[in-house]
Amino acid sequence: VMNVVSHSIANIFKRLLVVLLLSALGTRELSASNFLGLGIALAGLLVYTHGKIGADQQSCKYVKGIKETNEDLKFQSLKEVTELNGRFSQIIEAETDPEMKNFLSRRLVDHPEDTDKRSKTLTTNKEIVEEAQRILVNLMEDLLGKARHVMLIDIPVQENKGDPAIAAGEVLLLEKLNKTIVFHCETHYCETAPALKTASEISQKYLKDDLVILMHGGGNIVGYAFEDRIRRKYIEAFPERQCILFSQSIWLHEGYSSNLEFARETYSNRSNLVILLRDQQSLEIAKNNFRGIKLILAPDLAFCIGMIPRQMPPLYDIVWLRREDSEKSSFTFPKIPKNITFDVGEWLKWRTNTGRQTMETVFLVAAEGFQFLQRGRIVVTERLHGHILSTLLNIPHVIIDNPPYLKLSSFHKTWTQGLSNTVLVSNGSLALDAALELLRRYQNSLPSLGYRDMLAVT
C-alpha cells in the first residue's frame, strides 16, 4: 500500500518505539551504540522533514506560478478571440432584419441543425466566406471550452488539393483561436502503433479539460473505411477527452452496407464525440445512423483560409476540373467552340513541391489548388473544393453535380446557393452553356488572357 519513502519513515518510528519499549520494560539496557543508532534515525527523519517542507513550499510557488501564467494566457486568448470577433460584431450591428439579428446573437451549439440560416440569404463571395468563418468560430469557442491545446489527427499529404486546403483552414482557425497543436500526424502514420503511443504519452501531460482531440474533416465517412478505422483508434484511445470530427460529408456509395455498419459502431454512443456535418443531406444520414453523439451542421474548414486575390493572369477562358475517380460524374464531354481556349484536367495530376515538414507540404498543395484554378477566367468543376476554392478566389464558376451522391448540390444548397457568380448544373452540356454565359456576363470584369496577349506580341 505504501510507497518506498513512506515505508522507510514508518521503519524509523518502529525502531524508536521498539528500543524505548524494551528499555522501559527493563529487558534491555541502552548502550552507546543504541543512542548512536537512534540519533542517526532522528537525524534522517529531520533531514527528510526539512526537505519535504521545502519541496512543498517550492511546489506551492510552482502551482501559484502556473496559475498566474494560466491567467495571463487566458487573458491573452480572450483578447485575441475578442479581436477575432470584432469584425463579426460589425456584421451584427449592420443587420436590420430582427429575425436575422437574433440568429447572429445565438450560441450555435444550442441550435446545431440551423447554423445555415443566414448563409442561404447571402449573395457575394466575401459575405459567404465571412459567415462561414463566423459560424466556425462561434461553434469552436464553445466546443473547445477552456482547452488551450489540441491534437490534429489525419493530416492529408496528397495531391487531391481539397483535403490539404481543409487542413490548412483547420490550422488557421486554431491559430486564430489561440490553440496550440501539441501533436499532429499524417494520415498513414496516424494508423501506426508508434503514432498512437506518442499521442498517448503527450496526452498524459495535460489535464482533461486542457486538451481536445481533433480529427480532419472531408468527405470520407462510410465511403472510405480506412479513414473510419483511423478515427476509431483515437476515439477509443481517449475516452475521457473531448473528440471533435471536423466538417464531413457522408458518401453512401454502391455496396456501402458493411462500411456503414462499421461506421455505426464507430460513431454511435460516444459521449465524448462531436461530429460536424458540412451539408444537410449528410446531417440527415448521420441522424438516422449515428446515435448517442452530438451532431452539428457546419461549413467546410477550407473557408477559414479566407479570400485569396488572383496572383497571375489567366491562361485560358475556361479551366475544367474533371474528376476521374470513383466519385466522378457520368456524362459525354461537350465540344467546346474553337474561339474558346480551355484546359481540361484532374488536379490530382498537378504536382506539388514537397516541403521540409508535413504541414509545410499541406500548405504548398493547397496553394497549388489555387494556382490550378486561377489559370482560367472561368472555372467548371466536378469537385467540391473546386467550388470552394473558386469561391475564395471570387472566380465565376460552374458546379457539375454527381448523382446519385449529390455531394456538390447538397453543399451548394446548404451554404452557397445565393452566390450570383456560381451556377449548378447536372451534366457537361449544361456546364458548357453556363460557362459561356458567365464569360459573356462578366466579360468587362474578368482579367484578360495573359498567354494570348503574349502570343500577340510575338
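The values are calculated or read from the model by the stated rules, or taken from the named source; none is laboratory data. Quantities reported herein were computed from a predicted structural model and do not represent experimental measurements. Reconstructed Cβ throughout: ideal geometry from the backbone, glycine too, with neighbour counts over all protein chains shown. Heavy atoms of the whole protein, side chains included, go into the accessibility calculation; ligands, DNA and RNA do not. Shrake-Rupley method; radii C 1.70, N 1.55, O 1.52, S 1.80 Å.
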_Pairs please, first residue from the stretch 161-190 and assigned to a loop (DSSP other than H, G, I, E, B) and surrounded by 19 or more Cβ atoms within 10 Å (Cβ to Cβ), second anywhere and basic (Lys, Arg) and modelled with pLDDT of 95 or more, Cβ atoms under 7 Å, 6+ apart in sequence or on different chains._
Lys179/Arg148
*Can you run down the residue pairs with Cβ atoms below 9 Å, 6 or more apart or on separate chains, where the first is in the stretch 95-112 and touching a residue at least 24 places away in the same chain (Cβ under 8 Å) and part of a helix (DSSP H, G or I) and the partner is polar (S, T, N, Q) and surrounded by 15 or more Cβ atoms within 10 Å (Cβ to Cβ)?*
Leu108/Thr115; Leu108/Asn138; Val109/Asn138
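Being open to solvent by 20 Å² or more (accessible area, probe 1.4 Å), at pLDDT 95 or above and either more than 22 Å from Phe342 (Cβ to Cβ) or touching a Pro at 6+ places or on another chain (Cβ under 7 Å) (or both) narrows it down to one of Ser409, Ser448, Ser429, so name that one.
After applying the criteria, what remains is Ser429.
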*Got at least one residue in the stretch 195-212 being part of a strand (DSSP E or B), touching a Leu at 6+ places or on another chain (Cβ under 8 Å), modelled with pLDDT of 95 or more and closer than 30 Å to Leu252 by Cβ?*
yes
*Asp401 is checked against (1) touching a Lys or Arg at 6+ places or on another chain (Cβ under 7 Å); (2) surrounded by fewer than 21 Cβ atoms within 10 Å (Cβ to Cβ); (3) not hydroxyl-bearing (Ser, Thr, Tyr) and fails just one. What number does that condition carry?*
(1)
*Check the stretch 55-77 and report whether any residue there is under 30 Å from Leu277 (Cβ atoms) and either at pLDDT 75 or above or not basic (Lys, Arg) (or both).*
yes
_Pick from the stretch 113-129, criterion assigned to a helix (DSSP H, G or I) and crowded, with 19+ Cβ neighbours inside 10 Å, ranking: nearest to the chain's Cα centre (by Cα)_ = Val129
*Do we have any residue at all in the stretch 343-356 that's open to solvent by less than 10 Å² (accessible area, probe 1.4 Å) and part of a helix (DSSP H, G or I)?*
yes
*Under 9 Å between Cβ atoms, at least 6 apart or on separate chains: pull out the pairs that start in the stretch 369-383 with a residue that is farther than 9 Å from Leu438 by Cβ and among the aromatic types (Phe, Trp, Tyr) and end on any residue that is modelled with pLDDT of 95 or more and part of a strand (DSSP E or B).*
Phe372/Val319; Phe372/Leu321; Phe372/Gly345
_For a quick check of your reading of the model, give me the residue pairs whose first member lies in the stretch 225-242 and is of a type in the set (A, V, I, L, M), whose second is assigned to a helix (DSSP H, G or I) and open to solvent by less than 40 Å² (accessible area, probe 1.4 Å), with beta-carbon atoms closer than 6 Å and at least 6 apart or on different chains._
Ala225/Asn259; Ile230/Cys190
*Output the number of residues of the stretch 220-243 satisfying the condition of being farther than 21 Å from Ala298 by Cα, in a helix (DSSP H, G or I) and open to solvent by 10 Å² or more (accessible area, probe 1.4 Å).*
7
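Listed here are the residues, each with its yes/no results for (1) surrounded by fewer than 14 Cβ atoms within 10 Å (Cβ to Cβ); (2) under 20 Å from the mean Cα position of the chain (by Cα); (3) among the acidic types (Asp, Glu); (4) part of a helix (DSSP H, G or I).
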{"residue": "Leu245", "(1), (2), (3), (4)": "no, yes, no, no"}
{"residue": "Gly255", "(1), (2), (3), (4)": "yes, no, no, no"}
{"residue": "Ala263", "(1), (2), (3), (4)": "no, yes, no, yes"}
{"residue": "Ser271", "(1), (2), (3), (4)": "yes, yes, no, no"}
{"residue": "Leu276", "(1), (2), (3), (4)": "no, yes, no, no"}
{"residue": "Ser282", "(1), (2), (3), (4)": "no, yes, no, yes"}
{"residue": "Ile285", "(1), (2), (3), (4)": "no, no, no, yes"}
_Can you pull out every residue in the stretch 412-426 that is surrounded by fewer than 20 Cβ atoms within 10 Å (Cβ to Cβ) and part of a loop (DSSP other than H, G, I, E, B)?_
Gln417, Gly418, Ser420, Asn421, Ser426
*Quick check: anything in the stretch 136-149 touching an Asp or Glu at 6+ places or on another chain (Cβ under 9 Å), in a strand (DSSP E or B) and crowded, with 16+ Cβ neighbours inside 10 Å?*
yes
*Can you pull out the residues in the stretch 203-219 that are more than 19 Å from the chain's Cα centre (by Cα) and surrounded by fewer than 16 Cβ atoms within 10 Å (Cβ to Cβ)?*
Gln204, Lys205, Leu207, Lys208
